[in-house]
Structure formats: C-alpha cells, structure tokens
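Written out below as structure tokens is the structure these notes cover.
Values quoted throughout were computed directly from the atomic coordinates according to the rules given, and no laboratory measurement underlies them. It should be emphasised that the depicted structure is a prediction, and the values quoted were computed from it without experimental measurement. Cβ: placed from backbone, ideal geometry, glycine included. Neighbour counts: every protein chain shown.
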Amino acid sequence: MPFDTGRPEMTAEEFRLLRDFVYGHCGILVRDDMKYVMQRRLWPRLEALGLTDFSAYYRYLRFDAQRRAELETAIEALTTHETYFFREPRQLKAFSEEVLPQLERRNARTKRLRIWSAGCSSGEEAYTVAMLLKDSGRFEGWDVEVHGTDISRRVLAAARQGEYGPSALRATPPDKVARYFVHVGPNRVRVRDDIRAWVSFGHHNLQDPDAALHITRPDVVFCRNVMIYFDTPARQRVLRLIYDKLVPGGYLLLGHSENLINLSADFELVHLRSDLVYRKPELGGGGSP
Amino acid sequence: MMEEGRNAEEARYRALLELDVSAAGARETLVAGLHDESWRVRRAAADGLTRVPERDKVVERLISVLGERDETGARNAAAESLAGMGAEAVGPLVRLLGHVDPDQRKFAADILGQLGQPQAEDALVQAMMQDTDLNVRVAAAEALGQVGGKVAARALERILYDPEPLLQLSALESLAALRHPPPLPEVVRLLGNPTLKRSAYRVLGLIPQVAATELVCRGLGAESRSTREAALVALGTQASLAEPSLRPEMEAAVRLALKRLPEAVGWVASALESDDIELKAGALVAAAALREPQLAPLVAEVAQEERLMPEVMRTLAYFGPETGRELLASMDRLSFPAREVAGHVLVELVDATFVPELVQMLDWGEVDLKAVAVQALGRTSSLEAVEPLAQLLSHPELAGPAVRALVTLAAHFPKQVVQALESALEHGAEPVVLSALVRVGGTAMLPLVRRTAREASVPLRATAVEVLAAVDPVGGLELARQSLTDESPRVRTAAVRVLGQVGDKTMAGLLKQALADEALEVRLAALDAVGECGALERVADLEALVPHPDGAIAYRAVQALARLGALRDEVLRKAVGHGDHEVVKAALMAGAASSEGVSLAVGLLGHASWDVRAAAARVLGDSGGPECLPATRAALAAEMDSLARRALVDAVERLSGR
C-alpha cells in the first residue's frame with residue numbers, strides 16, 4: 001500500500017488476537033475486513049511505545065503495568081468519533097415537535113426531565129439536545145439534565161471543555177451558532193454557559209451493566225451510530241440495558257441507518273410525522289434506579 | 001383507547017416472553033401468538049417456537065401455518081420461525097417443495113434459501129429446473145444464491161438460456177451472490193439485454209481480467225446513468241479482486257476510457273457522494289484514473305465507509321502534490337474519518353511552502369488535526385517549523401508527536417532543535433523532551449541529564465535514569481543503583497530496566513530486592529531484567545513464579561528462564577499447563593528446540609485456544625520429526641479454525657518432507 005512502507009504488517013493471527021481482546025473488553029467488534037483500518041489506527045501506538053510488531057503490542061495490552069490505560073487508548077484509536085452539532089435534522093425535528101410536547105405533558109407534575117446521550121463522543125449530540133430543549137421554551141424552570149456518556153475519557157474531556165472548530169458546526173444553522181455559542185478564537189467557538197449548565201458527562205462502558213447504576217432513569221435515550229460498533233449479542237445487551245434504564249413510555253432514538261429488526265421486540269415502533277422512533281411500552285418491565 | 005390497546009398488546013407480548021416453552025400446551029399458545037395482530041407478539045411467538053422441545057413436531061405445525069392462506073402475518077411469522085430452526089427444518093421444507101399449492105412451494109424455496117443449508121441444494125435445483133410455476137422457479141433460483149454449491153452454480157448457468165427473463169435475472173443475481181461468474185463470452189451476450197444489463201455488469205466485475213475491464217469501460221461511456229453506475233460497481237469489484245500485478249494494466253484501460261469522457265469528473269464526483277458503498281468503491285478506481293485534485297476531498301470522505309479506507313489511501317496516493325493543498329484547504333469541513341485519511345496523505349505530500357497553513361491549523365484544529373499538523377511540520381524540512389513545534393513541548397497530548405517531528409527536523413537544523421529542546425526543558429516540558437535532547441545533542445547533554453536526575457518531577461527523574469544509561473552506561477548504572485531507593489515506583493522501574501539493559505549477572509542481588517518490591521510495575525520490570533542481564537542466581541525465584549495466576553508475571557518468568565537458558569523440562573511442563581494462553585505459547589516457543597518441547601507441542605494440538613494450537617503446529621513444523629506427522633495430520637483433520645488449520649497445513653507439509 002502506498003505511504004505504508006517500513007511499517008509492520010499486522011498478521012492474521014495478530015489481528016484476531018487484538019480483535020478478540022478488544023471485543024472481550026467492550027463488545028466493540030472489528031470486522032474481518034477492517035484489518036487494514038485496525039493496523040493503520042494502531043501504528044501510532046506502536047511508534048509511541050517503541051514496539052516493533054503487533055504481537056508485542058498485544059502482549060503490552062495483556063501484560064504491561066500500563067495495560068489498562070493503553071487499552072483505553074487503543075479503543076479510542078479504533079473508534080471513529082465522527083459527530084457534529086444538529087446531525088440528522090429530521091429526527092431532531094421529530095424530537096422537538098412531537099416527543100418534547102409529550103414529555104412536557106407527562107412530566108408536568110415533577111417538572112423533571114432526564115435525557116441520556118449514550119456514546120456521546122465529544123459532546124456535540126448532548127449539547128444539541130440541550131439547545132433543542134432551550135429552543136422549545138417548554139422547560140424553563142424545570143430540573144433538566146442531559147447526561148452524555150462515552151467509553152473514551154479523552155473525548156469526554158473535550159466534551160466538558162465544550163469548545164469546537166468548524167467541522168463540528170458544519171450542519172449548524174447560523175442563527176443557532178449566534179444563539180448558543182461564543183467565539184473564543186479564530187475558528188473556535190464554545191457552547192454558551194446556560195446550555196452547558198443542563199449538560200453533564202461521565203465515563204461509561206455500555207457493555208458493563210454495573211457501570212450503568214450511576215445513570216438516572218432517562219425519559220429519552222439517544223444512542224445514535226453507536227451500535228454499529230457491536231455485533232448482534234453485544235447490541236442486544238446494550239438494548240437490554242437501555243430498556244431497563246428507560247422510564248416506561250420513554251423514547252429510544254437510534255441513528256438513521258439503525259433499527260431493531262432482529263435485535264429486539266421489546267420496544268414499540270412509533271410513527272411520528274417526521275421520523276420513526278422507538279418507545280418502551282408503558283407496561284414495560286425491567287427498571288433499575 | 002389507544003393507550004389501552006397498547007397496554008393489552010404489551011401484556012400479550014410479556015406473557016409469551018415469560019411462557020415456559022417446555023410446559024404442556026406451550027406450542028399451541030405460541031402458534032396462537034403467530035396469529036396476533038401485533039408484530040411484536042408475533043415476533044415473540046416465532047422466537048419462542050424455536051425453543052420448544054420436540055422440534056420435528058414444531059416444524060410440521062409451522063408448515064401447517066404456512067398453508068393458512070388468509071393469515072399473512074401468521075404465515076410470515078411461521079416462515080421466520082422456520083428460518084430459525086436450522087437443519088431440522090430442511091427435510092420437511094424439501095417435502096413442501098412438492099406440495100400441490102405453488103404458493104406453499106414458493107414459501108418452501110424462500111425459507112430454504114434463508115436456512116442456507118447445503119442439503120437443500122439438489123431439491124432447489126430440481127424446483128428451479130422443473131417446477132411448473134414461474135414464481136416457484138424464481139424463488140428457487142434466488143434461494144440457490146444463498147445455498148450455493150457446484151451443482152447449483154452449473155444449473156444457474158444453464159438457466160441463463162431460459163426464455164423467461166425474470167428467471168434469467170434471478171440466476172444471474174444468484175451467480176453474482178455466489179461469486180461464480182459465467183464465462184466471459186456468456187456475459188457479453190447478456191450485456192446486450194436491457195433487462196439483464198445491470199446484473200450482467202455485476203458478474204462482469206467478478207472477472208478480474210483486462211478484457212473484462214475493457215468491457216466495463218464501454219459501460220462507463222454509456223449515456224444511461226444506471227448503466228454507468230453498474231459499470232462503476234463492476235470496476236470496484238474487479239479492482240478488489242485483481243492481483244496487484246494486474247492493477248496497472250486495468251487502471252491504464254480505465255484512464256484511457258475516461259480521458260474520452262470530459263463529463264466523467266462530474267459523475268464520478270456524484271458517485272463518490274452516493275450512499276451505495278459498491279458504487280463508491282468503483283468511483284474510487286475511476287477517481288484514481290482521473291487524478292483531479294478537486295476530487296480529493298470527496299475521495300477522502302469515502303473513508304466514512306471504513307472498509308474502503310485502503311482503496312481511499314491508494315486513490316489519493318495517485319493524485320499529485322496539488323492534492324495536499326486541496327486537502328489542507330478543506331480540512332476544517334471534512335468528517336472525522338476523512339480528516340484521518342487526509343491527514344495521512346498530507347503528511348506525505350508537504351514541503352516548506354505548507355508551513356504557514358499548518359501553523360494556522362495548530363491554532364484552530366481539534367487535537368486530531370493538530371497532531372496531523374505537527375507530524376506534517378516535521379516533514380517540511382523547514383526551519384520555520386521548529387519554533388511552533390517547540391511551543392507544544394509541554395502539551396500533554398502533543399509533546400510526543402512534536403518531539404518526534406523536531407527529531408526529524410534535527411537532520412537539517414540540529415543546533416536550532418537542541419536550543420528549542422533545552423529551552424523547553426527549562427520551562428517544564430514533558431519528559432520525552434529529555435530523551436530527544438540526548439538523541440539529538442549526544443554526550444554533550446550529559447551534565448543536563450545528571451542535573452535532571454535530581455529534579456522533583458518524577459517523570460523527569462525516571463526518564464533521566466534511562467536516558468543517562470543509553471549514552472553513558474557506567475554513569476547510568478551508578479545512577480540506577482541509587483535510584484532503586486527512590487520513593488517513586490516509576491523511578492525504581494526505570495532503574496531496574498537500566499540494570500537489565502546495561503548490567504550483568506552481578507546485578508542478581510539488586511534484582512532480588514526488586515523482585516520483592518511492593519509495586520507490581522517494579523516487579524514486572526525486574527523479571528524482564530533478570531533475563532536480560534543473565535542473573536542466573538535468580539532462577540529459583542523465576543521458577544517459583546511460573547505457576548503464578550497473573551499471566552503478566554508467569555509470562556515474564558517463562559521468558560526470563562528461556563533467555564537464561566534455564567527452562568527445565570519440569571518447569572516447561574508446568575508452564576504449558578498455565579491457564580493463560582500467552583504463557584503457554586511463550587513456553588512452547590521457549591521449549592521448541594528440545595525433545596520435551598516437541599512432545600508437549602504434540603499434546604497441545606488439542607488445546608482449547610486456537611492460537612495455542614497454531615503455535616504448537618508451528619513448533620512441530622520447525623522442530624518436529626517424522627514421528628509427529630500422524631498426530632499433526634489427525635489434528636488437521638479435526639481442526640475447524642481457519643488460522644490454526646493454516647498453521648497445521650504448513651506443519652504437515654514440512655513434516656512430510658523430513
């Protein structure tokens with residue numbers, strides 16, 4: 001391959017060992033046709049650690065004193081943190097115009113709203129949701145929290161910082177930029193403080209049900225373009241976790257290319273005017289605090 | 001009312017989920033569920049039926065549901081359940097292919113296709129060739145595309161001569177699915193048929209020959225967009241299948257064809273932006289032939305389909321240096337995956353003229369973009385790049401890449417780089433700066449390193465210990481001895497590493513203390529160091545650690561014993577019984593040359609882990625005698641794992657030659 005000369009090739013055995021190790025830790029499945037991508041994304045790690053081949057890297061992940069930190073770095077390198085503000089506008093329209101009014105009615109007594117952005121990456125989705133809540137004008141004076149979680153600590157640090165470049169804003173209407181961001185440098189903006197006040201972040205491995213104990217039961221879960229990383233059993237585990245966490249009648253919003261066909265019939269499919277979303281039935285079982 | 005209905009549905013759904021499938025009457029309860037008005041309840045019923053005991057009866061019952069003409073939902077749910085039944089459903093479904101009702105025969109063919117079981121091949125071939133109903137024949141042809149087999153492929157080729165276009169189309173699609181193209185002249189005939197043209201291009205893509213590429217190129221010149229797109233898809237498939245030696249000739253043919261098509265840049269751009277991954281793959285091949293820099297950002301965006309990343313890299317490599325500037329200018333608008341590949345390419349294409357834009361990117365870019373800019377600055381061979389890189393030497397994430405970039409620039413500007421590194425160190429830079437300083441400045445930096453070894457900063461102290469040993473082994477060893485008493489485990493670990501790297505067997509006493517250190521990282525480093533410096537006195541300590549449940553410790557103990565040449569057979573046997581497969585493999589490799597090791601490798605051909613079995617096969621291939629051949633052959637016959645099989649095939653071949 002051009003540009004790749006002088007770098008170690010990942011053998012089929014090394015690929016399998018690394019792939020299975022990552023899968024065992026977090027359920028992320030690197031498909032067989034992704035060997036090249038895995039190799040490319042891990043090359044910088046070999047370089048940084050002074051290792052000569054991927055077998056040595058595998059043993060580093062297994063046996064080095066720094067193995068835990070390195071595994072996180074490897075997972076970070078292997079997952080694409082592609083996200084931006086106001087991604088998938090049709091779904092966001094459905095959320096704003098049809099889901100939020102329902103939630104306002106349902107929670108009118110408690111005036112409390114919880115939204116979970118599962119796999120939030122660098123925070124664009126969680127902040128977008130908060131901006132939509134603010135735009136709706138329905139939740140002023142409410143106890144609102146949009147909680148973003150991700151397995152990568154590095155992206156969470158970026159999310160908390162709340163500063164972004166032009167790429168993150170490529171689908172954001174100019175009026176929203178003017179309303180919800182402040183300029184902090186050339187080509188850099190920061191999310192306004194009143195939006196940040198509604199958003200929190202935390203580290204979470206979606207494959208670890210115990211780790212979800214700290215997440216308050218949400219009214220809505222955004223889990224968009226996250227399950228693409230998992231195989232069927234791992235997806236089913238995530239869906240079970242989301243199902244258990246959601247309040248009865250709560251909504252699940254997936255990415256536009258994702259659905260629950262052959263994964264779960266636990267959720268109802270709800271036909272909204274602008275989009276299809278999933279909902280946990282009112283009499284749905286499960287539930288953890 | 002609607003809410004009540006939903007609650008009732010949920011109650012029925014839950015009832016089926018909670019049903020004891022072994023209980024009397026469960027089968028009929030679930031069959032009733034197949035007839036429910038709710039798809040969720042039907043799904044739960046279909047899933048439940050796959051778990052009911054006496055599956056033969058379940059299969060027959062499901063087949064009876066397929067015959068309920070007015071119950072579309074139930075029939076589809078029954079079909080779904082049958083498709084989940086596996087091989088047990090094949091016999092009854094093959095019998096259903098002989099039913100008087102063509103509707104039922106079609107159902108049977110469809111489900112057999114979903115089951116994908118090879119036992120259905122002959123029956124489906126017969127249905128495709130002889131059934132009196134066209135829909136059944138088409139369903140059988142489609143099913144054969146999922147079932148596969150040599151008989152199926154031959155029959156599908158024969159069907160290409162059938163007068164029914166729909167049947168021809170299904171056969172062609174199935175041949176494409178089986179990746180079994182008919183002979184090229186046959187494909188040429190089908191390309192002339194408007195109904196079959198698109199599918200004919202699909203199979204044409206499966207023929208990685210230049211003659212086939214030339215046919216594809218004719219399609220690229222077609223007026224119809226659908227034909228052009230079909231040709232592009234074929235081009236992508238051909239490129240993925242062609243031997244590397246054939247690629248240049250294929251690409252030359254494409255280039256020649258596209259040169260004659262001035263509007264090609266436009267429709268290749270559209271294809272790069274389409275949602276069809278196969279079309280994108282073909283468009284990449286066309287873009288590589290066109291080499292238009294303005295296509296570069298679109299090409300980079302194709303990396304959002306991660307499996308196309310190699311082809312994206314290959315395509316961008318064909319583009320000239322102007323591509324670098326095009327990518328740099330669009331970097332802020334690219335998606336994350338596109339930025340990733342654009343960054344890789346940019347780094348290869350930059351020169352000194354890129355410095356101002358790269359420095360700007362350090363101001364506004366996210367960390368991933370900054371890392372690209374840093375790496376690229378190191379490749380510019382420009383003095384102007386030194387200062388901006390030096391400013392990053394205290395950045396926790398970018399100091400490492402910045403140091404590497406500065407070391408690259410030091411080939412041209414050693415003095416300026418040393419100055420920049422020294423200045424950064426005085427102002428609290430990351431420890432990697434110290435290593436780089438010695439690498440670039442050499443022994444002249446020793447006083448600075450010694451000073452740094454007395455610093456308060458733990459990372460700097462630790463780095464100083466290792467760096468000093470690298471340039472002054474005697475002084476380094478002395479510092480390492482002192483540092484073994486440092487209060488920080490990180491510094492002690494560095495000191496132990498130095499003992500291993502530059503010390504000799506006289507380090508055994510010091511390493512005994514290190515092996516008992518309270519910090520795991522120090523103990524692990526000590527295990528490595530014992531092997532490295534030849535501290536034979538510590539063999540007993542190592543042997544005691546081989547059965548340690550922590551694989552990190554056991555692995556290192558085995559490795560160290562092997563390096564010392566002190567791995568006794570008894571210890572080797574203990575090591576191959578370890579629960580961690582990496583320890584077992586390390587022992588296998590360590591004992592490979594000994595007769596005991598070979599004998600243990602034979603036993604490990606039946607190990608639970610595929611990688612241990614593969615490693616054992618390699619040991620036998622390297623060191624086994626002819627007496628190992630029967631066991632290796634037997635293991636090969638039983639082996640199901642592809643990688644272990646590969647190693648066994650190689651071992652059998654090598655053993656057979658002895």
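Odds and ends about this structure:
- Principal-axis analysis of the Cα atoms of chain B puts helix B:458-471 at an angle of about 80° to the longest axis.
- In this structure, the amide hydrogen of A:Ser117, modeled 1.01 Å from its nitrogen in the peptide plane, lies closer than 5 angstrom to those of A:His147, A:Gly148, A:Thr149, A:Phe222, counting only residues at least 5 positions away or on a different chain.
- When the trypsin sites (Lys or Arg not before Pro) in region B:136-239 are filtered for DSSP coil states and for at most 16 other beta-carbon atoms within 10 Å of their beta-carbon, the remaining sites are B:Arg179.
- Computed from backbone phi with θ = phi - 60° and the Karplus coefficients 6.51, -1.76 and 1.60, the 3J(HN,Hα) list for region B:105-120 is 5, 5, 4, 4, 4, 4, 5, 4, x, 5, 5, x, 8, x, 4, 8 Hz; x is used for glycine and proline.
- Between region B:82-98 and region B:492-551, the alpha-carbon center distance in angstrom: 63
- With only Cα atoms counted, region A:128-185 has Rg and Dmax values of 13.2, 33 Å.
- Between helix B:581-590 and chain B there is an angle of about 60 degrees, using the helix long axis and the longest principal axis of the Cα atoms.
- All distinct Cα pairs of region B:95-162 go into the 1/r average, and the inverse of that average, the Kirkwood radius, is 11.3 Å.
- Listed from fewest to most Cβ neighbours within 10 Å, the set A:Phe63, A:Phe54 follows the order A:Phe63, A:Phe54.
- Where the alpha-carbon atoms of chain A are placed on the principal axes, they occupy 61, 49, 33 Å, in descending order.
- Chain B - Debye-derived log10 I(q)/I(0), Cα point model, q = 0.07 Å⁻¹: -0.83
- Relative pair counts by distance (%), Cα atoms of region B:543-593, 5 Å bins: 5, 28, 41, 21, 4, 0
- In order along region B:598-614, phi translates into HN-Hα couplings of 5, 5, 5, 4, 4, x, 7, 5, x, 5, 5, 8, 4, 6, 5, 4, 5 Hz, rounded to whole numbers, per the Karplus curve 6.51 cos²θ - 1.76 cosθ + 1.60 with θ = phi - 60° and x for Gly and Pro.
- Per-residue Cβ neighbour rank within 10 angstrom, fewest leading, A:Thr83, B:Thr493: A:Thr83, B:Thr493
- Once the gyration tensor of the Cα atoms in region B:382-435 is diagonalised, the equivalent ellipsoid follows with semi-axes of 16, 11, 9 Å, ordered largest first.
- Orientation-averaged projection of region A:206-250 equals 3.1 nm² [convex hull of Cα atoms, one quarter of hull surface area].
- Global form of region B:434-579, assessed from the alpha-carbon gyration tensor, a/c cut-off 1.5: prolate
- Theoretical FRET efficiency, 1/(1+(r/R0)^6), r = Cβ-Cβ of B:Arg255 and A:Arg7, R0 35 Å, to 0.05: 0.75
- Based on alpha carbons, the Rg and Dmax found for region B:137-291 are 15.4, 47 Å.
- Cβ-based exposure ranking for A:Thr232, B:Thr29, in which fewest neighbours within 10 Å come first: A:Thr232, B:Thr29
- Dimensionless Rg over Rh [region B:213-372; C-alpha; Kirkwood]: 1.00
- Interatomic Cα distance distribution for region A:158-275, bins of 10 angstrom, percent: 11, 34, 31, 22, 3
- HN-Hα J in Hz across region B:384-399 - Karplus 6.51, -1.76, 1.60, θ = phi - 60°, x for Gly and Pro: 4, 7, 5, 4, x, 5, 4, 5, 9, 6, 10, 7, x, 9, 9, 4
- Take every Cα pair under 8 Å whose residues are at least 6 apart in sequence, average their separation, divide by the length of region B:526-658, and the relative contact order is 17 percent.
- Among the trypsin sites (Lys or Arg not before Pro) within region B:504-572, those in coil by DSSP and having at most 15 neighbouring Cβ atoms inside 10 Å are B:Arg568.
- When only Cα pairs below 8 angstrom with a gap of at least 6 residues are kept, region B:131-260 shows a relative contact order of 18 percent.
- Beta bridge orientation in the protein assembly as shown: antiparallel %, DSSP, nearest 5: 40
- Scattering curve values for region B:417-498, log₁₀ I(q)/I(0), Debye with Cα scatterers, q = 0.21 Å⁻¹: -0.86
- Förster radius 56 Å - calculated FRET efficiency between B:Ser457 and B:Tyr318, Cβ distance, rounded to 0.05: 0.70
- Cα pair distances in region A:61-138, grouped into 10 Å bins until the bin that holds the longest one, percent each: 15, 36, 22, 15, 10, 2
- Averaged over the residues of A:35-47, the number of partner chain Cβ atoms lying within 10 Å of the residue Cβ comes to 3.
- With distances taken between every two different alpha-carbon atoms, the protein assembly as shown has a Kirkwood hydrodynamic radius of 32.4 Å.
- At 1.002 mPa s and 20 °C, Stokes diffusion of region B:161-247 via Kirkwood alpha-carbon radius, µm² per second: 168
- Value of Rg to Rh for region B:164-210, rounded to two decimals, is 0.93; Kirkwood radius and Rg both from alpha-carbon coordinates.
- Summarising the amide proton neighbourhood of A:Asp231: residues at separation of 5 or more, or on other chains, whose placed amide H is nearer than 5 Å comprise A:Leu29.
- Distance from region A:74-107 to region B:18-58 (C-alpha centre basis), Å: 36
- Loop-resident sites, region A:23-63, for trypsin sites (Lys or Arg not before Pro), counting at most 11 other Cβ within 10 Å (DSSP): none
- Longest to shortest principal axis, alpha-carbon extents of region A:1-51, angstrom: 31, 24, 16
- Short-range pairs are left out: with C-alpha atoms under 8 Å and at least six residues apart, the relative contact order of chain A is 18 percent.
- The coefficient of translational diffusion for region B:504-583, derived via Stokes-Einstein from the alpha carbon Kirkwood radius under 20 °C and 1.002 mPa s, stands at 176 µm²/s.
- Each listed q (0.12, 0.17 Å⁻¹) maps to a log10 I(q)/I(0) for region B:576-658, found by the Debye formula over equal Cα scatterers with no solvent: -0.26, -0.54.
- Gyration tensor (Cα) of region B:299-415, equivalent ellipsoid semi-axes in angstrom: 25, 15, 12
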